[in-house]
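Novice: This structure is in C-alpha cells; I'll ask about it shortly.
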Amino acid sequence: MLRGLTLETVIGVYDWERVAARPLIFDFRLEATQHFSVNREQVEERLRDWVAECRYQLLEALAEHIAQKLIREFACRRVCIAIEKPGALGRIARVGVRITRFAVVDCQKKVIGLPAAKTDVRLEC
C-alpha cells in the first residue's frame, strides 16, 4: 500500500486550472496473485512518469489511466486508487475520487484491464 504520495500534474476543466502543474495526493492499494518483485521506489518512479505526461480534465480519467497502467505493467489483479485535489474548491475543501479496478485474464493468459462497476466520487468540506 502506498499512502499520501504527492505527485504534480496539469489537471482541470477550466483554463486557469491548466496553466501550471498542481499537487495531487494519491493512495494506492495493489493486489497481485503472486508476490510483487518491485519495491516502493520503483512503483513511485513509474507513477511519477505516468502522471507527469498526463493532461486530463477530470480526476476520474486520470485514476482510470493509472489503474490500467498498474494492471498491465505490474500484473496486479486488483487496484484501488484514491486521488485528492487539495484546494480545488478553496482553502477548506478537498475534491477526490476513489476507484477500484480488477484485471481480467483472457484465454491466452494475458492480463487486460476492465473497469469495475463501482466508482466513488467524494467531496469533503
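Novice: Looking at (1) modelled with pLDDT under 90; (2) under 12 Å from the mean Cα position of the chain (by Cα); (3) closer than 18 Å to ARG101 by Cα, find the lone condition where ALA32 falls short.
Specialist: Among (1) modelled with pLDDT under 90; (2) under 12 Å from the mean Cα position of the chain (by Cα); (3) closer than 18 Å to ARG101 by Cα, the lone unmet condition for ALA32 is (2).
Novice: Among the candidates GLU45, GLU8, which residue alone is of a type in the set (D, E, K, R) and more than 28 Å from ALA93 (Cα to Cα)?
Specialist: Only one candidate qualifies: GLU45.
Table: residues versus (1) buried (at least 17 other Cβ atoms within 10 Å of the Cβ); (2) not in a helix (DSSP H, G or I).
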site	(1), (2)
GLN42	no, no
ARG46	no, no
ALA63	yes, no
ALA67	yes, no
LEU70	yes, no
GLU73	no, no
CYS80	yes, yes
GLU84	yes, yes
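Novice: Determine whether the range 5-19 contains at least one residue that is more than 14 Å from the chain's Cα centre (by Cα) and basic (Lys, Arg).
Specialist: yes
Novice: Given the condition part of a loop (DSSP other than H, G, I, E, B), closer than 17 Å to ALA88 by Cβ and either free of Cβ contacts under 8 Å to residues at least 24 places away in the same chain or of a type in the set (Gly, Ala, Ser) (or both), answer yes or no: does some residue in the range 21-36 qualify?
Specialist: yes
Novice: Against the conditions (1) of a type outside the set (S, T, N, Q); (2) surrounded by 12 or more Cβ atoms within 10 Å (Cβ to Cβ); (3) modelled with pLDDT of 90 or more, where does GLY12 fall short? Just the number, please.
Specialist: For GLY12, the failing item is (3).
Novice: Kindly indicate which of GLU64, GLU60 is in contact (Cβ under 8 Å) with a residue 60 or more places away in the chain, under 16 Å from ARG98 (Cα atoms) and not aromatic (Phe, Trp, Tyr).
Specialist: So the residue among GLU64, GLU60 that is in contact (Cβ under 8 Å) with a residue 60 or more places away in the chain, under 16 Å from ARG98 (Cα atoms) and not aromatic (Phe, Trp, Tyr) is GLU60.
Okay, residues lined up against (1) among the hydroxyl-bearing types (Ser, Thr, Tyr); (2) out of contact with any Pro (no Cβ under 6 Å at 6 or more places or on another chain); (3) at pLDDT 85 or above:
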{"position": "ALA63", "(1), (2), (3)": "no, yes, yes"}
{"position": "ARG78", "(1), (2), (3)": "no, yes, yes"}
{"position": "GLU84", "(1), (2), (3)": "no, yes, yes"}
{"position": "ARG98", "(1), (2), (3)": "no, yes, yes"}
{"position": "ILE112", "(1), (2), (3)": "no, yes, no"}
{"position": "PRO115", "(1), (2), (3)": "no, yes, no"}
{"position": "THR119", "(1), (2), (3)": "yes, yes, no"}
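Novice: Let me ask something additional. For the range 86-96, how many residues meet the condition of being surrounded by 13 or more Cβ atoms within 10 Å (Cβ to Cβ), charged (D, E, K, R) and more than 20 Å from ARG3 (Cβ to Cβ)?
Specialist: Residues flagged as surrounded by 13 or more Cβ atoms within 10 Å (Cβ to Cβ), charged (D, E, K, R) and more than 20 Å from ARG3 (Cβ to Cβ) within the range 86-96 amount to 0.
Novice: Determine whether ARG55 is of a type in the set (Lys, Arg) and loosely packed, with under 14 Cβ neighbours inside 10 Å.
Specialist: So ARG55 passes the test.
The values are calculated or read from the model by the stated rules, or taken from the named source; none is laboratory data. For clarity, every value in this text was computed on a predicted model and none was experimentally measured. FYI the Cβ positions are ideal-geometry reconstructions off the backbone, even for glycines, and counts take in every protein chain you see.
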